[in-house]
Number of protein chains: 2
Amino acid sequence: MKCKRCRRAEAAVELPSHHSAFCPDCFFVFFRRQVTEGIRKLRLLAPEDRVLVCVSGGKDSLVLWDVLIDEGYETEGLYIDLGIDGYSDRSKEKVLAYAASRGKTPIVVELAKEGIPIPEAARCVRMQECSICGTVKRYFFNRVAAEGKFTVVATGHNLDDETARLLGNLLHWQRDHLARQHPLLPEADGGLVRKVKPLWRVSEIETAAYGFLKGIDYVTEECPMSEDATSLVYKEALSRIEDRMPGTRIVFYQGFLDPSNPLRKGPEAAAAADGNMAREDAPAAGAMRAAEGDGEGGAGPPQVCVECGAPTYTETCSFCRLKERVRKARSLRVARVSR
Amino acid sequence: MKCKRCRRAEAAVELPSHHSAFCPDCFFVFFRRQVTEGIRKLRLLAPEDRVLVCVSGGKDSLVLWDVLIDEGYETEGLYIDLGIDGYSDRSKEKVLAYAASRGKTPIVVELAKEGIPIPEAARCVRMQECSICGTVKRYFFNRVAAEGKFTVVATGHNLDDETARLLGNLLHWQRDHLARQHPLLPEADGGLVRKVKPLWRVSEIETAAYGFLKGIDYVTEECPMSEDATSLVYKEALSRIEDRMPGTRIVFYQGFLDPSNPLRKGPEAAAAADGNMAREDAPAAGAMRAAEGDGEGGAGPPQVCVECGAPTYTETCSFCRLKERVRKARSLRVARVSR
């Protein structure tokens, strides 16, 4: 099959959802255009932004970094070493190698040094690994960004990730999660840095193809702790629908993001609407970020954690509380062993 | 495994979504309670109702008729012979046999005699069979009910049917369809009889088990025209999720039906809310039925079809227009053959 864009080279990537097929060079153009369109449509980034790109060593985040560098954004990479045997080392290697190839040195946070490696933390506090990991990552994304004077944090979530999350939120009608799900979480009072997902328009297959054809070396294994993640069940269900009806995912997500969608209205937007000040075309910053700095959310601007100074709605932020629980569980164990 | 209700008999039906397993007798109690609860919660039926039960010969509609008879409702069955070779004959046989076993004679409408058998009609007007079938069935359900002074039409749609439809509507954000999807479509001006789906709380597997254990003989084959129906794709996707997370379907559907769900508000409810007359706990009759009597919907009460007197928003109802198109296509063909 010939490339549908240049009509000369042999097609290397077939995309039924776009009724198209591209040779490598034309696919790069197509892919970058999808990403930049996604950035432009939702005003995720401005040319003057300093972007902190959160890189895990997987395809999505490395591809995101690659595109943002190529598009001329000022970026630095942040790698969080989760402390997962083997997997974390292999991931870090890929991040360092990619960064070196672009003349960069990523910022590295080692959770073992921070006293909260994921596997041990999960054992200590008897929580799901994915849940702890989410809290810890959110915390460091924001802290490193704030300390380093970055204007925005970018993560590599793609269309498959976002639609799987959306489906899960809809199946259980998690209205507060639905009101907050968006590729743009605006900056908010209390030190919450803007967070964006520039890959929201591109699918996992497209990202993988881009990474492969660009020769980006990434970890292909899934995180060994995420095997039972329910998001994989939703992803698979949507994949089957997409296979039969190409294009369903993007229609699903774009329809959800439509400002006229009543589910898009968070508590703050609803309150503003009462006072005739609805901001229908923009997410309501405070409401959308309520649960970000910390799990509980609440009205008004967040306060400052008494331990670490991070934005929170409780006296101590959820990260510091988690860390304290891990510390206590550890000292208990040490006490037991030494008895 | 023992029955979890009587704890004596051997369990015959295991229901992970209810964390339960029942012997046949206890399952009958459970199943009937699910149906009657579904009727009570949404006030689908009143004891004095005259119910027209639409029976296709499949498990769902025959089981529905069975439960409604057992629960003491005054019912008659309506069978629409679609004119599909073989399949329609086999279906009709099952309906007649079941009806006879309960001392009933169903009302039968033969589409061949009405000049609009589905396969020929689909060929003539080049429309999808399922789409034509929907229009024709809706028409006769309402006409037979109105002529026979029935107060309500009941169909056998189960939880799997309803959630598949809901998922499809959500994936494409069909807001008008979403506002109208409900197990209760209230009676509306212009002769639209109330329509209800009393099996909305029970799954396909539960209905099949009830039919099997009750010894109801039903057609097991799917309609040969529905093979490519997209609803089957959605059903399969939800089945996979349900297998991994039992109970997801009922949570999904009940959360959708929640009166506080912003998607539940149809155009009329929204208009009423503007005038401080929101009826949040009841579907808005006119708005919900707008597209029922006829495909176009519209504001205000429907008019009367100049051909047949059915409720419609256009001069001629969609059924009469369809019939006319089939008639014309036929006479063209006859003219061609005789030339």
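Springs join every pair of Cα atoms under 10 Å in this Gaussian network model of chain A, and among A:SER203, A:SER260, A:SER88 the largest mean-square fluctuation is at A:SER260. Between region A:95-139 and region A:299-319, the C-alpha centres lie 21 angstrom from each other.
For the segment A:164-174, counting C-beta atoms of other chains within 10 Å of every residue's C-beta and taking the mean gives 5. Here is how far apart the B:PRO301 label points are across copies: 5.8 nm, shortest first, using a point 7 Å from Cα toward Cβ.
The order of the peptides A:41-48, A:205-212, B:67-74 by mean Cβ neighbours within 10 Å, most packed first, is A:205-212, B:67-74, A:41-48. The dipole here belongs to chain B: it is taken about the Cα centre, uses +1 on the Cβ of Lys and Arg and -1 on the Cβ of Asp and Glu, and is about 220 debye. Mind pulling the angle between the C-alpha long axis of helix A:24-41 and the longest principal axis of chain A? Nearest 10 degrees, somewhere in 0 to 90. Computed tilt is about 50 degrees. With R₀ set to 60 Å, the beta-carbon distance separating B:ALA112 from A:ARG325 gives a calculated FRET efficiency near 0.25. For a Förster distance of 35 Å, can you work out the FRET efficiency between the beta-carbons of B:ARG126 and A:SER20, rounded to the nearest 0.05? The computed FRET efficiency comes out at 0.80. Taking amide H as placed 1.01 Å from N in the peptide plane, the amide H of A:CYS317 sits under 5 Å from that of A:VAL306, A:GLU307, A:CYS308, each at least 5 places away or on another chain. Under conditions of 25 °C and 0.890 mPa s, chain A yields 115 µm² s⁻¹ as its translational diffusion coefficient, taking Rh as the Kirkwood radius over Cα pairs in the Stokes-Einstein equation. Our estimate of slack between B:GLU222 and B:ARG40, defined as 0.36 nm per intervening residue step minus the Cα-Cα distance, is 62.4 nm. Each residue of region A:248-260 was assigned a 3J(HN,Hα) from its phi angle through the Karplus curve 6.51 cos²θ - 1.76 cosθ + 1.60 (θ = phi - 60°); the sequence is 4, 4, 5, 4, 4, 6, 5, x, 5, 6, 3, x, 7 Hz, with glycine and proline shown as x.
Across chain B, the mean sequence separation of Cα contacts (distance under 8 Å, 6 or more residues apart), normalised by length, yields a relative contact order of 18 percent.
Sorted from closest to farthest, the other copies place their A:GLY255 label points 1.8 nm away, with each point set 7 Å from Cα along Cα→Cβ.
Working note: 222 nm ellipticity from helices only, DSSP H runs with n ≥ 4, each -39,500 (n - 2.57), summed and divided by the residues of chain A, gives -15000 deg cm²/dmol to the nearest 500. Accessible area per residue (1.4 Å probe, heavy atoms of protein chains only) ranks A:LYS94, A:LYS113 as A:LYS113, A:LYS94, with the largest value leading. Considering only A:ALA154, A:ALA188, A:ALA237, the Gaussian network model of chain A with Cα springs below 10 Å gives its largest mean-square fluctuation to A:ALA237. Among A:ASN142, A:ASN169, A:ASN261, the largest mean-square fluctuation in a Gaussian network model of chain A (Cα springs under 10 Å) belongs to A:ASN261. Compared with the dominant Cα axis of chain A, that is its longest principal axis, helix A:318-338 is turned about 60°.
Less than 5 angstrom separates the built amide H of B:GLU74 from those of B:VAL51, all sequence-distant by 5 or more or on a different chain.
Note that region A:93-108 has calculated 3J(HN,Hα) couplings of 3, 5, 4, 4, 5, 5, 4, 4, 5, 10, x, 10, 10, x, 6, 10 Hz, one per residue in order, obtained from phi through the Karplus relation 6.51 cos²θ - 1.76 cosθ + 1.60 (θ = phi - 60°); glycine and proline are x.
Need one number: the % of Cα-Cα pairs in region B:100-201 sitting beyond the 20 Å mark. The answer is 54 percent, as a whole percent. Remark: the Cα gyration tensor places region A:121-271 in the rounded category, a/c being less than 1.5. When Rg and the Kirkwood Rh are both derived from Cα coordinates, the Rg/Rh ratio for region A:156-209 amounts to 1.05.
Partner lysines whose Cα lies under 23 Å from the Cα of A:LYS59, excluding those fewer than 8 positions away in the same chain, are identified as A:LYS92, A:LYS94, A:LYS104, A:LYS137, A:LYS195, A:LYS197, A:LYS214, A:LYS235. Counting only Cα atoms, region A:198-255 measures 33, 29, 22 Å along its principal axes, largest extent leading. Remark: accessible surface ordering of A:LYS195, A:LYS323 (largest first) is A:LYS323, A:LYS195, probe radius 1.4 Å. Annotation: B:GLU236 carries an accessible surface of approximately 90 Å², with a 1.4 Å probe and no ligand, DNA or RNA atoms counted. Using a simple spin-label model with pseudo-atoms 7 Å out from Cα toward Cβ, B:GLU187 and A:SER101 lie 7.2 nm apart. Normalised by 2.2 N^0.38 Å, with N the number of residues, the alpha-carbon radius of gyration of the protein assembly as shown equals 1.12. For B:GLY86, the label point sits 7 Å beyond Cα toward Cβ; its separations from the matching points on the remaining copies run 5.4 nm, from shortest to longest. Between the amide H of B:SER20 and those of B:LEU15, distances stay under 5 Å, these residues lying 5 or more places away or on another chain, with hydrogens modeled in the peptide plane.
Carbon and sulfur together cover what percent of the accessible area of the protein assembly as shown at a 1.4 Å probe radius? The value for the protein assembly as shown is 49 percent carbon and sulfur by accessible area. Label-to-label distance, B:LYS2 versus B:ARG32, with points set 7 angstrom from Cα along the beta-carbon direction: 2.5 nm.
Here is the interface size for A with B: some 2400 Å² of accessible area buried, both sides summed, with a 1.4 Å probe. Centre-to-centre, using Cα atoms only, region B:1-59 and region B:210-246 are separated by 18 Å.
Loop-located GluC sites (Glu not before Pro) across region B:99-152 with a Cβ neighbour count of 13 or fewer within 10 Å are lacking, with loop assigned by DSSP. Helix B:129-147 versus the longest principal axis of chain B: what angle, 0 to 90°, nearest 10, using Cα atoms? It works out to around 90 degrees. In this structure region A:131-206 gives 32 Å² per residue of accessible area when probed at 1.4 Å with all protein chains present.
The values are calculated or read from the model by the stated rules, or taken from the named source; none is laboratory data. Since the structure is predicted, the reported quantities are computational estimates derived from the model, not experimental observations. Please note: Cβ atoms are built from the backbone with ideal geometry, for glycine as well, and neighbour counts cover all protein chains shown. Heavy atoms of the whole protein, side chains included, go into the accessibility calculation; ligands, DNA and RNA do not. Shrake-Rupley method; radii C 1.70, N 1.55, O 1.52, S 1.80 Å.
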